[in-house]
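Some notes on the structure that comes next.
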Amino acid sequence: MKISNQFRNYFLASKNCFASLKQGKIILLFMLYAVLQILFVFILMFFAYPPFSSFLVPIIQKFFGEPALHYPNNFLILPGLFFWVNLLLSGVIGVILVGATTNLFIMSYRKKPVKLGKGLNRTMPHYLILFAVWIVETGALLAIFIGVPALLSKVYFFTRAGNLPLQLTTSFIAIIVGSFFVYTTALIVLENAGPGKAVVKSLLMFKKYPLISILLIGIPNLIRMPIDLLSGKTQFLVSKFSPEMVAAVLILSILISVFANYFLVGTVTRYFLSVRERS
């Protein structure tokens, strides 16, 4: 496919994705997931109170130390703590959300009634496969987020430039690696691909459409990147505002992610359908 046709399909995918907002039911699933995420932010904020204290206090004390149990240090660790909780949520529930909304987008793009129950029913038989691919993708991204800063911190430029260039470089590398897996859910849902086949075929599609694949995952991530970077500046937020501002920024990041993730899943699904129809 010519590069001009690839971009035409990408813009068509974006247009169709925005048009599907009128369905309402698809964005509703992303909003419900955001409510769950925000609930966990509040649980982590009030970890010292029953019924959460019985199991959260020992965990936080073990991994973050005694000072983390006290105000305002508990807010300094909040983004890191939420990162791991959110990671677990994405594996247990997030893969269902992405699979179900992929099915709902397909219904919308094919001018069929968008039915939540039908989307979930079509997703659940694929859960274990979606979870297996999630493990592979998450492992690759964790390796990037842990390994790249460790390597780049030894480079002279990054030792002098500060944290922001290091974070941005790591994020852009993670976007490229994430684009390797961008078609896996569509392949599993639409073609009943197994985990190995889904990963391999997604890599082949990335090789065929590298720029578009990076755009599909990159633009939604760029939308939320500024607020995600800010949420990591806990010392700044605490010193310039208040400890509670850390939680407020985290919640704002979750709300922005509703629309970023909607755009991500919607455009990937539509672009995948366009490629599939031409093959």
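Taken together, the values in this text are just the output of simple stated rules run on the coordinates, not laboratory data. Everything numeric here is computed off the predicted structure, so don't read it as measured data. Positions of Cβ are generated from backbone atoms using ideal geometry, with glycine treated the same way; all protein chains shown enter the neighbour counts.
Ranking of Ser53, Ser274 by neighbouring Cβ atoms within 10 Å, starting from the fewest: Ser53, Ser274. Helix screen, the chain: DSSP H segments with Cα axial length of 15 Å or more and mean Kyte-Doolittle hydropathy at least 0.0 are 25-45, 53-64, 78-89, 95-109, 127-152, 163-179, 195-208, 210-231, 244-278. Going from the fewest other Cβ atoms within 10 Å to the most, the residues Met31, Met205, Met225 appear in the order Met31, Met225, Met205.
For region 3-278, the equivalent ellipsoid built from the Cα gyration tensor has semi-axes of 34, 23, 17 Å, listed from largest to smallest. Charges were assigned to the Cβ only: +1 to each Lys and Arg, -1 to each Asp and Glu. The resulting dipole of region 3-278 about its Cα centre is roughly 1180 debye.
Considering only Val133, Val57, Val177, the mean-square fluctuation computed in a Gaussian network model of the chain, springs between alpha carbons under 10 angstrom, is largest for Val57.
The helix-only estimate of mean residue ellipticity at 222 nm for the chain, built from DSSP H runs of length n ≥ 4 each weighted as -39500 (n - 2.57), is -26500 deg cm²/dmol after division by the residue total.
Here the Karplus relation 6.51 cos²θ - 1.76 cosθ + 1.60, evaluated at θ = phi - 60°, turns the backbone of region 232-239 into coupling constants of x, 8, 5, 4, 4, 5, 5, 6 Hz, with x for every Gly and Pro. Once you reduce region 174-191 and region 33-103 to the center of their Cα atoms, the two points are 27 Å from each other. Look at His126, His70 and count the other Cβ atoms within 10 Å of each Cβ; fewest to most, that gives His70, His126.
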